[in-house]
Amino acid sequence: MANGTQRPPHDIGPQVRRARERAGMKQSDLAIASGISQATISELEAGHNPNICLATLFQLACGLKIRRWETILGRVEKDAS
């Protein structure tokens, strides 16, 4: 698939929720910071949006200020600093 259209693992919702909670953000805060609607974030965290694309996850990671966005996929350990 073309870059940005690949699909993430189906269990990404809980990982997004944990990252958001670690950042001390509400869903509405993340929606503003990422440009992704709160409804989409809520659906994703609840596991009701299995067709989310990597471009959307990238926007969420930017909103969460995750430098290496792969961490949201659980592929890379987040820097301890």
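A short reminder: the numbers here are calculations on the coordinates, not readings from a lab. Computed from a prediction, not measured in an experiment: that's the story for all the values here. Cβ placement follows ideal geometry from the backbone for every residue including glycine, while neighbour counts extend to all protein chains displayed.
Key figures for this structure:
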{"quantity": "Extension reserve of the Gln38-Arg67 stretch, reckoned as 0.36 nm per residue once the Cα distance is removed", "calculated": "8.2 nm"}
{"quantity": "Gain in span if fully extended, Phe58 to Asp11, counting 0.36 nm per residue against the direct Cα distance", "calculated": "15.3 nm"}
{"quantity": "Label point 7 Å beyond Cα of Asp29 along Cβ direction - residues of the range 38-58 with amide nitrogen under 16 Å", "calculated": "38, 42"}
{"quantity": "Convex hull volume per residue in cubic angstrom - Cα atoms of the range 12-73", "calculated": "66 Å³"}
{"quantity": "The range 12-73, dipole about Cα centre (Lys/Arg Cβ +1, Asp/Glu Cβ -1), debye to the nearest 20", "calculated": "260 debye"}
{"quantity": "Contact order relative to length of the range 12-73, as percent, for alpha carbon pairs under 8 angstrom and 6 or more apart", "calculated": "41 percent"}
